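The structure appears right after this line, and notes come after that.
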Number of protein chains: 2
Amino acid sequence: MSDIGVTFKKNQDFSEWYVEVVLKAGLADYAPVKGCMIIREDAYAIWEKIQEILNKKIKATGHRNVYFPMFIPEALLTKEAEHFAGFTPEVAWITMGGNTPLEEKLAVRPTSETVMYATFSKWIRSWRDLPLKINQWCNIVRWETKATRLFLRTREFLWQEGHTAHATSEEAEAEVMYALNEYKDIMENYLAIPVLVGTKSDSEKFAGALYTTALESIMPDGKALQMGTSHNLGQNFGKVFEVKFIGEDKMDHYVWQTSWGITTRLIGAMVMVHGDDKGLIIPPKVAPVQVVIVPIPFKGAEPEAIAAKAKEISETMKAKGYNVILDGRDEYTPGWKFNQWELKGVPIRIELGPRDLKQGQVVMVRRDTGQKTPVKEADIPATTEHLLQEIQDNLFAKAKTILQEKTTAVKTYEEFKQIICDKGGFIKATWCGSPDCEAKIKDETGATIRVRPFQKEEPTANCVHCGQKAVETVYFARSY
Amino acid sequence: MSDIGVTFKKNQDFSEWYVEVVLKAGLADYAPVKGCMIIREDAYAIWEKIQEILNKKIKATGHRNVYFPMFIPEALLTKEAEHFAGFTPEVAWITMGGNTPLEEKLAVRPTSETVMYATFSKWIRSWRDLPLKINQWCNIVRWETKATRLFLRTREFLWQEGHTAHATSEEAEAEVMYALNEYKDIMENYLAIPVLVGTKSDSEKFAGALYTTALESIMPDGKALQMGTSHNLGQNFGKVFEVKFIGEDKMDHYVWQTSWGITTRLIGAMVMVHGDDKGLIIPPKVAPVQVVIVPIPFKGAEPEAIAAKAKEISETMKAKGYNVILDGRDEYTPGWKFNQWELKGVPIRIELGPRDLKQGQVVMVRRDTGQKTPVKEADIPATTEHLLQEIQDNLFAKAKTILQEKTTAVKTYEEFKQIICDKGGFIKATWCGSPDCEAKIKDETGATIRVRPFQKEEPTANCVHCGQKAVETVYFARSY
């Protein structure tokens, strides 16, 4: 039991609970190298699901996948000064190849703008070559010095980075919003995690960008998590890397660029938002296993008949396209199996005992509510479809309620500080727009501006910090 | 024209022809870092196709994908002495994180046995945990000092590495053959490249393996290319990394392990084997675009009607699941488009001109033979299906003929040396089994033993080199 039982309580020791669930459910493991992690079978299957969903979206809109080298020569990485300054403290460097010191050390990509755009300048010559819309799925290295955390902050992680070049500023702006909206769809409608969207303040934007848009969610411990970003790079990199095209007007122009990414961090968010004291709860739309069937053999009853029926149900469900596991292992008890599959967050469990067999039914158990329903055999597929949707909706609704509960509009700085200490979460407050105020708030409370909403609300009060005229209402939070 | 025309001849300047085709067809590009490459859109799409095919196979047989860290601490990599000795000359080392020298330098994975098996020892405790069958798709770094070559030898490449652990030697042996056979299926039935299979000699086996099986093909220049390998690791790594399990007999046992991989090199093989003086020829089953439709508007004719019909055909074909591109660009002539799509190796071109429109037909052109056939509109889907299969079969048949032509059975060492100089290819010869003879042949001719066939042929002569009694008949070749 101790192998699979979750001993920490989500409400009491959130941080320990998180690590325990991730490890015991087998999503990840610590690696023999500090600060890195092993992404295990179920977590990788969820990542593949995210890949499949996003690939389908972006390929349908003319983006194509590519692969650029992981190594970036120092001279290239340093070419855009602001960009380099932003990444330099966390770059891992290759200095030796075999037993030979390299002439120029090589950065392991912390992101690929520089290595890609040095090549864009070769690929793009005319307006006919635009828009250029590519994406790559790869590993990324950022040499974190802060404490690392499975999925949320590791020195190596997996991500996707979209990079596009356009003839006009308007097209680039539309692309930034395109990526953001597709990300929102994945987060809300697949991972069942509601997000706030908006732009970052200048101090929080991507190093080298014109502006950064982001998706932010709130975790049960009250800390915000950046779920994804989509950057408008303007012509900044284009000018540095000489990415120019001859327009239909026969004149030279610099391209307008965007880049956008989501990472394996999303899996950590999913664990934190939906899990409970029994373990994971995986939203049905991304679940590697949607239904587990557990036969309950009884002494004296007909174990073969139960096994045969369980197999029949399993085959029927698989034929209908569900991801089903039939757990017919003899060496574990049904109770042990229930615990294990609950730990692993499988949305629906189907129990089949001797009495069920006699009555031509099964018992279907929801992972999210624990609710048990006897279901006639013929109704299993329809009930499954219905239940999976209900679980998906319920997880999102619950997460949305939490997001709302953890969002507080404040009028005074006293209130701001009080809320940060008491419950955390998003704090909606007015801001004068000064980086100075922003920095002081960060120093004094640990909270940063997470997003500035696209739909501006007219501030009804002065700046929450300095009392000067406010220019907008923004969301602050402490964050991961 | 010079942008897309292939200027080298495959027969005359094979090596230059290869590079020109790869670059101009847009499969790859040189990167701003020496010895590395950019895998471009079409090549990456072929890689995704290979991923899809192999994933389907291995998942159906209980393998699951995972992701292990790319960094391997020096102490871990050196733990299995033979393995480390095999890889150490080509390891890239991370020595700095940010501005701080690392306490222990980290290898960028040249392969993942060590980092994985250090963890297997944690995951595997009992026979219930076996077999463990995992796979990962990732980047690999080997710091080549020889001249690099797009797809065939680069310092970073993409691959898949399967790693399994079993309770018995028999199961491990079966797994080695399972992977080998699935690879053979992909190479022959998808990439249309015939291969020889067999084991490697001890001097050519994977560093640390009990034995290595391999798939080898011959390129048009007469050099062999290793297409994939599947290793039986025996209990060697298990003993070093303490990967033990308690058997059903309650006793401790070391696991039996396998590892197997294929890489992006396969794309280079595909180019070399099938391409011609017009550019690529991509086997239909892995082609990112299977059919390109080129409308041929004529002055005075109805361009709108042609465009509308082309679109209709395109939609019909897409609905039937074909990968179709309708090239309706106004800024290029039909002739220019023909050249471009031939360069890119699209298996079928559909031409639609005013006369075709009037007659309710199109002209379908095969990329492999250039053969043109008028086809009634209603017959397009059926003809497409038929032609794609014919092209696939034809490419394989042609490649098989070349393999046969380039395989020579020799009786004497004089003949051996003559063939190596004259035409290269596989040389089938008898061998005494001595590593010493093998080494001398390599020194004197540059040829190595590529495979020792599974089905042993009784040697009808003595060793081709030393004249002592031969123990088997093997295939030699110079190789990439």
Inter-centroid distance (Cα atoms) of the range B:232-254 relative to the range A:184-223, Å: 47
Taking the label point 7 Å from Cα in the Cβ direction, how far apart in nm is B:Ala382 from each other copy of itself, listed shortest first? 4.1
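Treating only the Cβ atoms of Lys and Arg (+1) and Asp and Glu (-1) as charged, compute the dipole magnitude of the range B:407-477 about its Cα centre; round to the nearest 20 debye. Let's see the in-between values first.
Numbers: 10 positive and 10 negative charges, 30 e Å.
So the magnitude is around 140 debye.
Mind running the shape call on the range A:97-236? Use the C-alpha gyration tensor, a ≥ b ≥ c as the square roots of the eigenvalues: rounded below 1.5 for a/c, prolate if a/b tops b/c, oblate otherwise. Show your work: numbers first, answer last.
Details: a/c = 2.03, a/b = 1.08, b/c = 1.88.
Verdict is oblate for the range A:97-236.
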For the protein assembly as shown, with the dipole built from +1 on Lys and Arg beta-carbon atoms and -1 on Asp and Glu ones, taken about the Cα centre, which of A:Gln51, B:Gly268, B:Gly86 lies farthest toward the positive end? A:Gln51
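Say R0 is 25 Å: what FRET efficiency, to the nearest 0.05, do A:Arg329 and B:Ala174 get from their beta-carbon distance? Present the calculation step by step, with values, prior to reporting the outcome.
On the way: r = 22 Å, r/R0 = 0.88.
Here the calculated transfer efficiency is 0.70.
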Could you tell me which residue out of A:Ile427, A:Phe476, A:Val451 lies farthest along the dipole of the range A:407-477 toward its positive end? Charges go on the beta carbon: Lys and Arg +1, Asp and Glu -1, centred on the Cα centre. A:Val451
Span from the the range B:386-432 Cα centroid across to the the range A:91-152 one, whole angstrom: 42
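Quick one: B:Thr164, B:Thr460, A:Thr445, fewest Cβ neighbours within 10 Å first, how do they rank?
B:Thr460, A:Thr445, B:Thr164
Decide, for the range A:318-407, between rounded, prolate and oblate: order the square roots of the alpha carbon gyration tensor eigenvalues as a ≥ b ≥ c, take rounded if a/c falls under 1.5, and otherwise choose prolate if a/b is larger than b/c, else oblate.
Because a/c hits 1.5 or more and a/b exceeds b/c, the range A:318-407 counts as prolate.
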Which value, in debye to the nearest 20, describes the size of the charge dipole of the range A:233-293 about its Cα centre when Lys and Arg Cβ atoms bear +1, Asp and Glu Cβ atoms bear -1, and nothing else is charged? 140
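Among all helices in chain B defined by DSSP H, which have a length of 20 Å or more along the axis from Cα atoms plus a Kyte-Doolittle mean of at least -1.0?
Numbers: long enough: B:41-60 (28 Å, -0.58); B:169-185 (24 Å, -0.97); B:303-319 (24 Å, -0.32); B:380-405 (36 Å, -0.22).
Span-like helices here: B:41-60, B:169-185, B:303-319, B:380-405.
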Using modelled backbone amide H atoms (1.01 Å from N, in-plane), which distant-in-sequence or interchain residues come within less than 5 Å of B:Arg149's amide H? B:Thr154
Taking B:Tyr475, B:Tyr413, B:Tyr117, A:Tyr332 and counting other beta carbon atoms within 10 angstrom, the fewest-first order is A:Tyr332, B:Tyr413, B:Tyr475, B:Tyr117
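So how do A:Asp42, A:Asp276 line up by other beta-carbon neighbours within 10 Å, fewest first? It would help to have the intermediate numbers written out before the result.
Working: A:Asp42 23, A:Asp276 18.
Fewest-to-most Cβ neighbours within 10 Å comes out as A:Asp276, A:Asp42.
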The range B:152-256: which chymotrypsin sites (Phe, Trp or Tyr not before Pro) are DSSP loop and have at most 12 other beta-carbon atoms within 10 angstrom? none
Contour minus end-to-end for B:Lys372 and B:Glu41, with contour as 0.36 nm per residue of separation and end-to-end as the Cα-Cα distance? 116.3 nm
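Just need the relative contact order of the range A:291-387 here, percent rounded to a whole number, with Cα pairs under 8 Å and 6+ apart. Please report the intermediate quantities before stating the final value.
Details: 135 pairs, mean separation 29.1, N = 97.
Taking the mean separation of contacting Cα pairs over the length of the range A:291-387, I get 30 percent.
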Taking 8 Å as the Cα distance limit and 6 or more residues as the minimum spacing, I'd like the relative contact order of chain B as a percentage. 14
Point-to-point label distance, A:Ala305-A:Asp379, nm (Cα→Cβ direction, 7 Å offset): 2.3
Taking the label point 7 Å from Cα in the Cβ direction, how far apart in nm is B:Lys320 from each other copy of itself, listed shortest first? 3.3
Name the chain A residue with the Cβ nearest the axis that maps A onto B: which is it, and what is the distance in angstrom? A:Thr95, 2
Place a point 7 Å from the Cα of A:Phe298 in the direction of its beta carbon; the residues of the range A:341-377 whose amide N falls under 14 Å from it are A:352-363
What is the distance, in nm, between label points placed 7 Å from the Cα along the Cα-to-Cβ direction at A:Phe8 and at A:Ala81? 4.4
Pseudo-spin-label distance B:Arg355 to B:Asn99, built 7 Å along Cα→Cβ, given in nm, is 7.5
Would you kindly state how much longer the chain becomes between A:Lys411 and A:Glu312 on full extension, computed as 0.36 nm times their sequence separation minus their alpha carbon distance, in nm to one decimal? 29.5 nm
Using unit Cβ charges (K, R positive; D, E negative) and no other charged atoms, how large, in debye to the nearest 20, is the dipole of the protein assembly as shown about its Cα centre? 440
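Rounded to the nearest 500 deg cm²/dmol, what is the calculated helix-only ellipticity per residue at 222 nm for chain A, with -39500 (n - 2.57) per DSSP H run of length n ≥ 4?
Values: 14 runs with 169 residues, N = 480.
Using -39500 (n - 2.57) per qualifying helix, the result is -11000 deg cm²/dmol.
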Whole-Hz ³J(HN,Hα) from phi, Karplus 6.51 cos²θ - 1.76 cosθ + 1.60, for the range B:229-242, glycine and proline x: 9, 9, 9, 8, 8, x, 9, 4, 5, x, 6, 5, 9, 6
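Below 8 Å, C-alpha to C-alpha, sequence gap of six or more: please give me the relative contact order for the range B:14-274 in percent. All intermediate terms of the calculation are to be shown ahead of the outcome.
Details: 476 pairs, mean separation 51.7, N = 261.
Answer for the range B:14-274 is 20 percent.
From the square roots a ≥ b ≥ c of the eigenvalues of the alpha-carbon gyration tensor of the range A:129-183, which class results: rounded (a/c under 1.5), prolate (a/b over b/c), or oblate? Could you put the intermediate results ahead of the total?
Working: a/c = 3.11, a/b = 2.48, b/c = 1.25.
Because a/c hits 1.5 or more and a/b exceeds b/c, the range A:129-183 counts as prolate.
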Calculated label separations, A:Glu104, copies of the chain, 7 Å along the beta-carbon direction, nm: 3.2
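Read-outs throughout are calculated quantities, based only on the coordinates presented, and are distinct from any laboratory measurement. What you see is a predicted model, and the numbers here were worked out from it, not measured in a lab. Heads up, the Cβs are rebuilt from the backbone with ideal geometry, glycines too, and the neighbour counts pull from every protein chain shown.
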